[in-house]
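> Quick one: the structure is below, and I'll ask about it shortly.
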Amino acid sequence: MARVAVSQTQFTSGELDPRLAARHDYDGYYKGAETLENVVCLGQGGVKRRGGMKYIDTLTDTAVRFVTFEFNVTQTYLLVFANVKMYVYKDGVKQTGLNGTGNDYITTPWNATEIKEMSFTQSADTLIMCHNSHAPRSIVRGGSHTTWTLATIAFSYYPTYDFDQNYDSNTFAIGSGWNAIGSSVTVTCNASGKITSDHVGGMFEGNGGVVRIESQTSTTLTGKVLQEFINANTLDGVDVSLEEPVWSATHGYPNAVTFHESRLWFGNSTTRPQTLWGSVIGEFFSFDRGVGGDDEALDITLDTDQVNAIYHIISGRHLQVFTSGGEFYIPESPIKPSEVRISRQTRFGALKAVKPISVDGATMFIQRNGKQVREFIFTYTEASYVSSEVNLLAPHITSSPVAMASQTGDVENEGNYLFIVNGDGSMGVFITNRAEKVMAWTKYTTTGDILDVAVVEDIVYLYVKRTINSSIVYFVEALDNTYYTDASKQVTQSSSATVSGLSHLNGQSCRVRADSSVMSNATPSSGSITLSRAATNIEVGLNFDVTIKTMPSAVALQSGPISVKKRRISRVSAQLHESSGLKVNGKAVPNKNLGVNVLGQAPESFTGIKTLPVLGYSKTAQVTVTQTDPLPLTLLGLTVELQVTG
């Protein structure tokens, strides 16, 4: 009988695809795990119990869209868009009496379906929102947390386009003023029905002249001469261009937006889905093309071999464009109307419903099939972008994504985290630290369904659908590493056995922590519970379990690989950091020693190595670490001692 020890010193490969069970030769095999549920991978290599979900508020809306708003570096907000309304949260508190109305919401034009489809971007204190069915809006915070202005953007100049309304057989007479720039001139069509109010704000061009249309009456347009006509001869329709504003109730509105290089960029209007428009530099609401000067507005259409509707525009190293059929970028910087081209890099296509975001030097996006997560990143060796699949080793973690957010590494979070909400209510969590070669996936689950996610000043907010006392409710919650349960509240009070403020959990059996000890379950009634003893620091919430399961042990001996041999785990040594209340293969890890004054005290967290004997033979020899109580857990590594037969 051979004896062998297998050590796992890190989990930097995260949860691995079950189809990798035979890949013992893969370098990340012993850096990953078969299951990593409700833990987060640390930049140092270990895994830690995820933070609990702190209860923030209850809403009645079945569908919402979280949007982050930054007024300045110290004042940030969570805007929650619901069916034709918007809520405002500051530091986890819903603002009331918005704009002096007494309401806790602002009325908006977007319905429950449209909020999932709209695009947004922010510059300084202005948030721009757009959707194909509505004129673009701006949202600006006023002088206080409760003062907000939602307004339709008043563009000084719209981008224009000749939609070819079949006027080739008509003629157009030019009035006086045709030869003086800045003068008013009339353009009259010989037939009714060809000129409409839709042309106001558009352009008329022909015979060398250019007119910006300012008004319309019957068959006559009146406008300002931008460029003189050669003469005042009547023009044939086939020789003129009669452009209308691209965005209107007739032609639809843009549905992609960003700021880049001092321009406001829009893309994908209803009738021009493959076109980008960039504003005048420094004048975000002017799309005046003028004479094509370097600082004037521009429009670019993707002329490709297939339809590539523009879904997202991202400002990064370059202006990046994600479409239904591929990924593009504009290599020029600065971008000028006279020198602009758009280059296709890859052909995967992006998912429209989830906006790409920048993480660790790359732009993360969901492929249009809703399965692959890719990073769009510039490579100097090829001087181009590539779209690498970041969930290749764990594709099962993501399933029909509906939302995505990122959290930048800081003192507490050693890596950059990506949160992807799945259609099944779970959430995939990806940590990336390119410098330390950390790329790991884990999965968060809860008693209910996670519906949306956003990060506001390093706080991860979630919208969660739960069943409480047999009734469906919708909670705004926030991940917090000082919490150990979900939908939870922490109460600090004078020593008492009565805990109140729990009305959102009425009738639901809850886990209870009191002064760091796990108490018996309790069910709030009228917002209160009664403990078996008095306590000062209490947490009440819904339980979640932690599961860490290693990959099958497979070490090569002189007699051959042990993957086909029956093996027995004789001992498991777990390297822990400030942990308690865990089990290894179902066997509790002791965290108390007998002594004086130890009974009735909260268990102390343990740091060091715990070794347990484990019985039983198997052909996988896997170790499963579980935790079912709301207690701290950080697992740094495992050593498994095996006895191999055969």
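The values are calculated or read from the model by the stated rules, or taken from the named source; none is laboratory data. These figures come from a predicted structure and were not determined experimentally. No Cβ is skipped: glycine too gets one built from the backbone with ideal geometry, and neighbour counts run over all protein chains shown. Surface accessibility is based on the protein's heavy atoms, side chains included, excluding ligands, DNA and RNA. Shrake-Rupley method; radii C 1.70, N 1.55, O 1.52, S 1.80 Å.
> Mind grabbing the accessible area of E436 for me, 1.4 Å probe, Å², rounded to tens?
The value for E436 is about 120 Å².
> Where does the range 377-463 land on Rg(C-alpha)/(2.2 N^0.38 Å)?
Details: Rg = 14.2 Å, N = 87, 2.2 N^0.38 = 12.0 Å.
So the range 377-463 has a normalised radius of gyration of 1.18.
> Mind grabbing the accessible area of D91 for me, 1.4 Å probe, Å², rounded to tens?
110
> Please report the accessible area of K566 (heavy atoms, 1.4 Å probe, ligands and nucleic acids excluded) in Å², nearest 10.
100
> Could you tell me whether the range 46-117 comes out rounded, prolate or oblate from its Cα gyration tensor? Rule is a ≥ b ≥ c as square roots of the eigenvalues, rounded for a/c under 1.5, then prolate if a/b exceeds b/c, otherwise oblate. Mind dumping the intermediate values first?
Numbers: a/c = 1.87, a/b = 1.42, b/c = 1.31.
Prolate, because a/c is 1.5 or more and a/b exceeds b/c.
> Still on this structure, please answer the following. Write down, largest first, the equivalent ellipsoid semi-axes of the range 4-163 in whole Å, where each equals the square root of 5 times an eigenvalue of the alpha-carbon gyration tensor. Can you show the working numbers first?
Details: eigenvalues 391, 96, 47 Å².
Ellipsoid semi-axes (Å, largest first): 44, 22, 15.
> Provide Y26, Y157 ordered by accessible surface of protein heavy atoms (probe 1.4 Å), highest first. Kindly include the intermediate steps, with their values, before the conclusion.
Working: Y26 60, Y157 80 Å².
Largest to smallest exposure gives the sequence Y157, Y26.
> Could I ask something else about it? So for the range 274-327, what percent of the C-alpha to C-alpha distances run longer than 18 Å?
Taking all Cα-Cα pairs of the range 274-327, the fraction more than 18 Å apart is 42 percent.
> On to the next question. Where the Cα atoms of the range 474-533 are projected onto their three principal axes, how long is each span, largest first, in whole Å?
The Cα atoms of the range 474-533 stretch 30, 25, 20 Å along the principal axes, largest first.
> Here's another thing I want to ask about it. At q = 0.14 Å⁻¹, what is the base-10 log of I(q)/I(0) for the range 147-294 according to the Debye formula with one equal point scatterer per Cα and no solvent? Please give it to two decimals.
-0.70
> May I pose another question? Based on the mean of other beta carbon atoms within 10 Å per residue, what is the order of 218-227, 537-546, most packed first?
Details: 218-227: 17.1, 537-546: 20.8.
Ranked by mean Cβ neighbours within 10 Å, highest first: 537-546, 218-227.
> For G349, what residues show an amide H to amide H distance below 5 Å, using hydrogens built from the backbone and excluding near sequence neighbours?
G326, E327
> Oh, and also: With all pairs of different alpha carbon atoms counted, what Kirkwood hydrodynamic radius in Å does the range 125-200 show? If you can, show how the numbers build up before the last one.
Numbers: mean 1/r = 0.0600 Å⁻¹.
It is 16.7 Å.
> Taking the structure as given and computing P(r) over Cα pairs in 10 Å bins from 0, in percent, which label from [x] 3, 14, 20, 21, 16, 11, 7, 4, 3, 1, 0; [y] 3, 10, 12, 11, 9, 8, 8, 8, 7, 7, 6, 4, 3, 2, 1, 1, 0, 0, 0, 0; [z] 3, 12, 18, 18, 17, 15, 11, 5, 1, 0 fits?
[x]
> May I ask for the net charge around E117, where only other residues with Cβ less than 12 Å from the Cβ of E117 are counted and Lys, Arg are +1 while Asp, Glu are -1?
+3
> If you split all Cα-Cα distances of the range 193-276 into 5 Å bins from zero, what percentages do you get per bin, shortest first?
With 5 Å bins starting at 0, P(r) equals 3, 13, 18, 20, 17, 15, 9, 4, 1.
> In terms of solvent-accessible area of protein heavy atoms at a 1.4 angstrom probe, what is the ranking of L78, L451, highest value first?
On the way: L78 0, L451 50 Å².
Largest accessible area first, the list is L451, L78.
> Pairs K489/K549; K54/K443; K85/K489; K48/K437; K54/K465: which are spaced more than 21 Å apart, C-alpha to C-alpha?
K489/K549; K85/K489
> Now a separate question. Sort 316-329, 194-207 by packing, meaning the average of other beta carbons within 10 Å per residue, with the highest value first. List each step's numbers first, then the result.
Working: 316-329: 22.2, 194-207: 20.1.
Highest mean packing first, the order is 316-329, 194-207.
> Next up: Can you give the translational diffusion coefficient of the range 423-480 in µm²/s, computed by Stokes-Einstein from the Kirkwood radius over Cα pairs at 37 °C and 0.692 mPa s? Please list the in-between numbers first.
Values: Rh = 12.9 Å.
So the translational diffusion coefficient is about 254 µm²/s.
> Further question on the same structure: May I ask for the net charge around Y253, where only other residues with Cβ less than 13 Å from the Cβ of Y253 are counted and Lys, Arg are +1 while Asp, Glu are -1?
Values: positive: R137, R272; negative: E114, E117.
Neighbour charge sum, excluding Y253 itself: 0.
> Can you work out ³J(HN,Hα) from phi for every residue in the range 100-116, in order, using Karplus 6.51 cos²θ - 1.76 cosθ + 1.60 and θ = phi - 60°, giving whole Hz and x for Gly and Pro?
Coupling constants for the range 100-116: x, 8, x, 8, 9, 8, 10, 6, 10, x, 8, 7, 5, 6, 5, 5, 7 Hz.
> Something else about it: Over the Cα atoms of the range 273-393, compute the convex hull volume and normalise it per residue, giving Å³. Write out the running numbers ahead of the final one.
Numbers: hull volume 14.6 nm³, N = 121.
Spelled out: Cα convex hull of the range 273-393, divided by residues, is 121 Å³.
> May I pose another question? Bin all alpha-carbon pair distances of the range 343-495 at 10 Å intervals from 0 and give each bin's fraction as a whole percent.
Pair shares across the bins are 10, 37, 32, 14, 5, 1, 0.
> Calculate one ³J(HN,Hα) per residue across the range 615-625 by plugging θ = phi - 60° into the Karplus curve 6.51 cos²θ - 1.76 cosθ + 1.60, and present them in order as whole Hz with x for glycine and proline.
9, x, 9, 7, 9, 10, 6, 9, 10, 10, 9
> Once a ≥ b ≥ c are taken as the square roots of the eigenvalues of the Cα gyration tensor of the range 1-88, is the result rounded (a/c under 1.5), prolate (a/b larger than b/c) or oblate (a/b not larger than b/c)?
Prolate is the answer for the range 1-88, as a/c is 1.5 or above and a/b outweighs b/c.
> Through the Karplus equation 6.51 cos²θ - 1.76 cosθ + 1.60, θ set to phi - 60°, convert the phi angles of the range 290-297 into ³J(HN,Hα) values in whole Hz; use x for Gly and Pro.
Taking θ as phi minus 60°, the curve returns x, 10, x, x, 4, 9, 8, 5 Hz for the range 290-297.
> Treating the Cα atoms of the range 148-190 as identical point scatterers in vacuum, please give the log10 of the normalised Debye intensity I(q)/I(0) at q = 0.25, 0.30 Å⁻¹, two decimals.
Reported log10 I(q)/I(0), two decimals: -1.01, -1.02.
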